[in-house]
Amino acid sequence: MNLTTDFRDPEAVRTILQRISHTAEALPHVKFMEICGGHTHTIYRHGFEQLLPKNIEMVHGPGCPVCVLPMGRMDDAQHLATQPDVILTAFGDMMRVPGSHGSLLDSRAQGADIRMVYSPLDALAIAKANPNKEIIFFAVGFETTAPSTALTLRAARAQNVKNFTVFCNHVVVGPPIRAILESDDVQLNGFVAPGHVSTIIGQEGYQFIIDEFNKPVVTAGFEPVDLLAAIAMLAEQVADGRCEVENQYTRVVTQTGNRQAQDLLAETFTLRDTFEWRGLGHIPQSAYRVSDDYAEWDTENRFAIPGFLVEDPKACQCGEVLRGALKPWECKVFGKSCTPEHPIGTCMVSSEGACAAYYTFGQYRGTPTSATEAKATNATDIRELATTKSKA
Amino acid sequence: MTSSCPTCADEATAVTLQHFSTDPMRQNLAQGVDDAGNLFSCDVSLLEAPKLGDVVLVHAGVALAFCNEQSVEEPAQLIQRSRNATQQHERNTDQQHERNATQRQPTAPIRNTATQSNHYTNEPPSNDHNQQPEDET
């Protein structure tokens with residue numbers, strides 16, 4: 001069995017869609033949040049918004065690590081990159097995220113030594129090759145990516161690499177879900193949990209959603225069959241009046257997750273008291289800092305960080321999009337001054353960002369201008385409106 | 001899956017392990033290939049006893065989990081389960097339609113018989129079958 005292509009089988013997609021449609025007949029209008037940006041990408045890439053019954057609405061969550069980073073942290077990174085003898089290393093998408101004074105790519109064009117890496121271990125290799133420079137790794141990502149940074153910290157200590165530090169912006173998935181559930185912005189009926197984060201934290205990482213909020217959860221893989229099967233499972237839970245943490249992504253996700261990775265994270269990181277999330281504000285215990293045992297490799301310990309507090313551009317509504325309160329096309333600048341080529345907000349930068357995915361896969365036909373358009377609630381409505389408009 | 005940075009995009013790749021490093025300084029390093037035959041190097045120190053031939057999920061140069069094919073509900077099984085669910089739903093719907101149709105059948109006109117209850121006074125029906133109707137007397 002091929003674990004990728006077999007899960008793109010058109011017949012499986014058709015039959016699962018049929019199953020969802022039948023289940024949906026018994027449901028009122030329900031809203032399921034896909035937390036992970038990878039799922040958002042799958043939904044738009046395969047046109048699920050058009051295929052799903054109209055009373056099943058997918059709401060996009062804060063699971064894109066690039067999107068949730070506040071602009072102030074980008075400015076801090078740019079400040080670090082301009083310090084003498086510093087090489088700043090970062091993942092690819094971070095290079096394009098706009099700060100107050102442009103992106104890291106802009107800073108590089110102005111002479112800063114900023115390099116793209118695919119793994120923090122690559123950054124450590126750069127440190128070993130450049131002993132007279134200070135190498136900073138700009139660490140972002142959820143629990144999926146944090147273990148690779150943690151392993152690099154452990155390797156830096158074991159190999160006594162003194163010119164390497166981590167500017168830690170790793171975040172954890174539970175607290176923002178809690179923040180969304182505690183806010184009145186969106187009334188949700190269930191969650192599609194992120195597949196790869198779950199390989200680390202396990203199914204048990206979502207039990208609080210059941211215990212405290214009484215909402216069903218299904219962990220899903222990223223292929224079309226995976227995601228549709230998860231939506232079917234969620235719809236069936238709602239129809240049956242059940243509320244459980246179910247696992248669709250059984251090929252990699254277990255109940256307890258990866259204990260070795262969890263121990264490593266506990267050794268190398270400590271939860272911050274609070275951390276700012278774009279669109280969600282400050283959320284307690286929602287991000288990691290480098291632990292005291294590894295303070296020597298903590299950028300915030302070695303360099304003075306300005307700690308810029310920067311408001312998002314007024315026109316940009318990434319915050320509402322990240323909370324699921326707005327659809328991408330409802331943002332005032334979407335597709336106009338904010339495009340993947342010239343992003344204003346972070347949601348337009350990474351392909352995991354809801355705005356970029358929505359824009360890239362051609363479901364954008366125009367921002368609403370009339371009362372009818374403003375009432376349109378999903379992509380299908382928008383497409384119908386666009387068709388009507390073009391015929392007119 | 002995406003055109004952007006695979007690390008930011010939370011992508012992970014299923015890689016079949018083919019070789020472990022013999023360098024004592026890199027004893028946790030392994031190499032393998034994905035489905036398309038692309039070569040990958042990854043750190044396997046977060047996995048318990050990985051072996052050659054194991055399929056592991058790699059993200060940002062680190063193997064995060066084993067891919068367990070035995071636990072997978074194959075698409076063929078998913079199709080069958082979905083069809084079963086659909087057929088069950090259709091049976092339920094048909095039964096519901098039949099019940100509704102039965103309930104909607106027109107009732108027989110009320111006849112003034114002894115066994116007929118009095119719909120207006122809600123009195124129980126009389127069991128006196130020999131009682132003659134008054135208008136016939």
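Centre-to-centre, using Cα atoms only, the range A:312-361 and the range A:183-232 are separated by 23 Å.
Decide, for the range A:174-290, between rounded, prolate and oblate: order the square roots of the alpha carbon gyration tensor eigenvalues as a ≥ b ≥ c, take rounded if a/c falls under 1.5, and otherwise choose prolate if a/b is larger than b/c, else oblate. Numbers along the way, then the final one.
Working: a/c = 2.10, a/b = 1.27, b/c = 1.66.
Cα axes put the range A:174-290 in the oblate bin.
What net charge do the residues around A:SER119 carry, taking every other residue with its C-beta under 13 Å from that of A:SER119, with Lys and Arg at +1 and Asp and Glu at -1?
Net local charge, A:SER119 excluded: -2.
The shape of the range A:68-150 comes out oblate: with a ≥ b ≥ c from the C-alpha gyration tensor, a/c is at least 1.5 while a/b does not beat b/c. For the range B:33-77, state which GluC sites (Glu not before Pro) are in a DSSP loop and have at most 12 other beta carbons lying within 10 Å of their beta carbon. Those satisfying the criteria are B:GLU48. Need one number: % antiparallel among DSSP beta bridges in the protein assembly as shown, to the nearest 5. About 45 percent, rounded to the nearest 5. Using Cβ point charges alone (K and R +1, D and E -1), the dipole size of chain A about the Cα centre works out to roughly 920 debye. Across peptide B:81-88, the average count of Cβ atoms from other chains found within 10 Å of a residue's Cβ is 6. Taken residue by residue and averaged, Cβ atoms of other chains lying within 10 Å of the Cβ of A:248-258 number 5.
Computed from Cα positions, the angle between helix A:146-158 and the longest principal axis of chain A comes to roughly 20 degrees. Measuring against 21 Å, Cα to Cα, the residue pairs A:LYS128/B:LYS51; A:LYS31/A:LYS336; A:LYS54/A:LYS332; A:LYS31/A:LYS54; A:LYS54/A:LYS314; A:LYS31/A:LYS332 contain A:LYS128/B:LYS51; A:LYS31/A:LYS336; A:LYS54/A:LYS332; A:LYS54/A:LYS314; A:LYS31/A:LYS332 as the ones spanning a longer distance.
Across chain A, the longest run free of exposed loop sites, meaning GluC sites (Glu not before Pro) lying outside DSSP classes H, G, I, E and B with no more than 16 other Cβ atoms within 10 Å, spans A:26-243. When you count the other C-beta atoms within 10 angstrom of each residue and take the mean per peptide, A:81-87, A:116-122 line up highest first as A:116-122, A:81-87. Annotation: peptides A:13-22, B:56-65, A:144-153, ranked by per-residue average of other Cβ atoms within 10 Å with the highest first, follow the order A:144-153, B:56-65, A:13-22.
Values quoted throughout were computed directly from the atomic coordinates according to the rules given, and no laboratory measurement underlies them. Just so we're clear, the structure is a prediction, and the values are computed from it rather than from any experiment. In this analysis, Cβ positions are derived from the backbone assuming ideal geometry, glycine residues included, and neighbour counts consider all displayed protein chains.
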